[in-house]
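FYI, it's all coordinate maths here, none of it is from the lab. Given the structure is predicted, the values throughout are model-derived calculations rather than measurements. FYI the Cβ positions are ideal-geometry reconstructions off the backbone, even for glycines, and counts take in every protein chain you see.
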Amino acid sequence: MLLTVVADYGVGDLAFAEVRQRLALLLPEAEVTAIPVPPFDTVSAGFCLAQLAFGDGPPDRVLYANVAPRQDEDRPRQDNAGERLVAARLPSGVLVVGVAAGASMSFLADEEVPLHAVEVADAGSQFRSRDVFPDALAALVRGDTGLLGEPVTVDPAPVRAVAYSDGYGNLKTSWYDAPAAPGTSARVRIGAVVHEVVISDGVFAVPAGAIAFAPGSSGWPRGDGGGARVSHEIFARGRNAAELFGNPVSGTPVEVLV
């Protein structure tokens, strides 16, 4: 069984190792892999969850997400309480379990994937993803549906915004349709930074040094049956697009001026 942990602990952080050990104790048959996202970045977490959940892979795979900035309330929190744990079982058989914070579950919900509360404590430890949630995750993996509670609704994912910055500096966005015909020159504004781009039908269909705005390698089927949702990327051939645009955080609007 493939178990992927999406979290904001940091590459090589002690927290990832502790969670992995706990999961190895409860689910020794699982092959655990870790996907880090920036601190408190629920948009990147949600995008990664959708890409992995809807992508090709074994049907018994499990995704476990914990990016919990505890920003759902401004008041002091008692006993390290935070956002609730939710779960979703896709028609493919993939199980997704994660904290419903910010946009972490929004990309899934936008495709009409039902979310349900998991009947587990939302407090009791600063490190809930190690101390509290793994037991519930293991029970759900074993088929204990008695832990599933009421349906949960979440806010939509940000549209026409930065969704994820990959290791090459390509900016994957929640633009799913081209703003103009291929070959059109345009300006893209992200935050306070503006650059000239070429609207393209492929990221490499521009000369070296140019910036393309084109369908990228990420996307998934639309929940309404209306074909595929393909993430458009901002790709700087031979350069780093994220650096060119000032390393924008996920969720920052992407404005295309044609």
(request) Please work out how much length the chain gains when fully extended from LEU90 to LEU2, using 0.36 nm per residue of separation minus the C-alpha to C-alpha distance, in nm with one decimal. (result) 30.1 nm
(request) Could you tell me which of rounded, prolate or oblate describes segment 123-211, using a ≥ b ≥ c as the square roots of the eigenvalues of the alpha-carbon gyration tensor, with rounded for a/c under 1.5 and, failing that, prolate when a/b is larger than b/c and oblate otherwise? (result) prolate
(message) Taking just the alpha carbons, could you work out the radius of gyration and Dmax for segment 2-151, both in angstroms?
(response) 14.0, 42
(request) Subtract the Cα-Cα distance of VAL193 and VAL258 from 0.36 nm times their separation in residues, and report this length gain in nm to one decimal. (result) 21.8 nm
(request) Would you look at the GNM of the chain, springs on alpha carbons closer than 10 Å, and say which of HIS116, HIS195, HIS232 moves the most? (result) HIS195
(request) For the chain, compute Rh as the Kirkwood radius over C-alpha pairs and then the Stokes-Einstein diffusion coefficient at 25 °C and 0.890 mPa s; write the answer in µm²/s, rounded to an integer. (result) 129
(message) I need the peptides 39-49, 92-102, 158-168 ranked by packing, meaning the mean over residues of other C-beta atoms within 10 angstrom, with the highest value on top.
(response) 39-49, 92-102, 158-168
(request) Report, largest value first, the span of the C-alpha coordinates of segment 111-175 along each principal axis, in whole Å. (result) 40, 27, 22
(request) Quick one: compute a quarter of the convex hull surface over the Cα atoms of segment 162-257 and quote it in nm². (result) 5.8
(message) I'd like the FRET efficiency for GLU18 and GLU243, computed as 1/(1 + (r/R0)^6) with the beta carbon distance as r and R0 of 30 Å, rounded to 0.05.
(response) 0.40
(request) Report the longest stretch of the chain that contains none of the GluC sites (Glu not before Pro) sitting in a DSSP loop with at most 15 other Cβ atoms within 10 Å. (result) 120-258
(message) Counting only helical runs of four or more DSSP H residues, what would the 222 nm mean residue ellipticity of the chain come to if each run contributes -39,500 (n - 2.57) and the total is spread over all its residues?
(response) -5000 deg cm²/dmol
(message) Test of understanding: extend the Cα→C-beta vector of GLU119 to 7 Å, then name every residue of segment 143-184 with backbone N under 18 Å from that spot.
(response) 143-152
(request) Please report the relative contact order for the chain, taking Cα pairs under 8 Å with a sequence separation of at least 6, and give it as a percent rounded to a whole number. (result) 16
(request) Have a look at GLY202, GLY226, GLY238 and tell me which one the Gaussian network model of the chain (Cα, springs below 10 Å) gives the largest fluctuation. (result) GLY226
(request) Give, in nm to one decimal, the length gained when the segment between ARG160 and ASP60 is fully stretched (0.36 nm per residue of separation minus the Cα-Cα distance). (result) 32.8 nm
